[in-house]
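Reading through the structure tokens given below for one structure.
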Amino acid sequence: GQQLNQSPQSMFIQEGEDVSMNCTSSSIFNTWLWYKQDPGEGPVLLIALYKAGELTSNGRLTAQFGITRKDSFLNISASIPSDVGIYFCGDATNKLIFGTGTLLAVQP
Amino acid sequence: ETGVTQSPTHLIKTRGQQVTLRCSSQSGHNTVSWYQQALGQGPQFIFQYYREEENGRGNFPPRFSGLQFPNYSSELNVNALELDDSALYLCATPGGTGETDTQYFGPGTRLTVL
């Protein structure tokens with residue numbers, strides 16, 4: 001079946017650094033979603049991408065829908081401690097399928 | 001704030017028992033999806049309800065069932081609980097029109113099966 005692979009699995013960075021994570025799929029997507037999840041809470045939608053090549057920003061966050069429609073990246077600039085959490089990519093082409101997640105830890 | 005609420009926030013049950021989890025949305029959307037998130041994993045799609053009928057199901061056994069009510073609130077029922085059912089259960093409603101739109105999640109119910 002369809003698989004979403006995220007990398008890296010985890011990241012440990014200093015406050016102020018930029019972060020990049022990506023997601024790849026074994027099949028073509030129509031919609032890419034990026035979510036952030038804090039411990040014990042539900043995922044919160046960060047960015048939604050609907051077109052191949054689309055580049056969208058939300059504050060310090062930037063995400064792109066790959067031209068091949070099989071990948072996406074999420075960048076966070078000038079990280080702050082509250083960026084800590086698990087970031088998931090998701091495919092909403094049919095029913096929402098989540099990637100494996102990237103754990104981000106930010107040291108003040 | 002997504003406007004999606006879930007109850008209870010935490011629940012402890014023992015093997016073999018049955019559990020009912022609840023979800024409601026301020027937007028009153030006619031589609032609701034349920035997900036199971038085991039510790040350290042991404043949410044897994046259980047099923048979706050659209051206008052009170054099941055509209056798609058993930059790889060979960062029949063002892064996972066659901067209901068959607070005319071006011072579009074929803075329940076997830078799990079019978080014959082197993083230890084592996086311990087997880088965070090999330091419901092979600094779309095942010096716009098159509099099934100493939102973005103999903104907005106509630107805070108979840110943490111179920112522990114002993």
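Details
- Residue in the stretch B:8-22 that is modelled with pLDDT of 95 or more and within 11 Å of another protein chain (Cβ to nearest Cβ) present: yes
- Within this structure, A:Asp71 passes the test of being open to solvent by 50 Å² or more (accessible area, probe 1.4 Å) and away from chain B (no Cβ under 13 Å).
- The sole residue among A:Gly42, A:Gly90 that is in a loop (DSSP other than H, G, I, E, B) and surrounded by 13 or more Cβ atoms within 10 Å (Cβ to Cβ) is A:Gly42.
- Taking the criterion of being small (Gly, Ala, Ser) and closer than 23 Å to B:Leu90 by Cα, the residues of the stretch A:28-58 that qualify are A:Gly40, A:Gly42, A:Ala48.
- With a requirement of 3 or more residues that are surrounded by 19 or more Cβ atoms within 10 Å (Cβ to Cβ), the strands (runs of 3 or more DSSP E) lying completely within the stretch B:17-90 that satisfy it span B:19-25, B:31-37, B:44-50, B:74-78.
- Tally of residues being part of a strand (DSSP E or B) and in contact with a helix residue (DSSP H, G or I) (Cβ under 8 Å, 6 or more places away or on another chain) across the stretch A:4-35: 1
The values are calculated or read from the model by the stated rules, or taken from the named source; none is laboratory data. Everything numeric in this text was worked out from a predicted model, so none of it was measured. Neighbour counts are summed over all protein chains in view; Cβ atoms, including those assigned to glycine, are modelled from backbone coordinates with ideal geometry. In case anyone asks, the SASA skips ligands and DNA or RNA and just uses the protein heavy atoms, side chains included. Shrake-Rupley method; radii C 1.70, N 1.55, O 1.52, S 1.80 Å.
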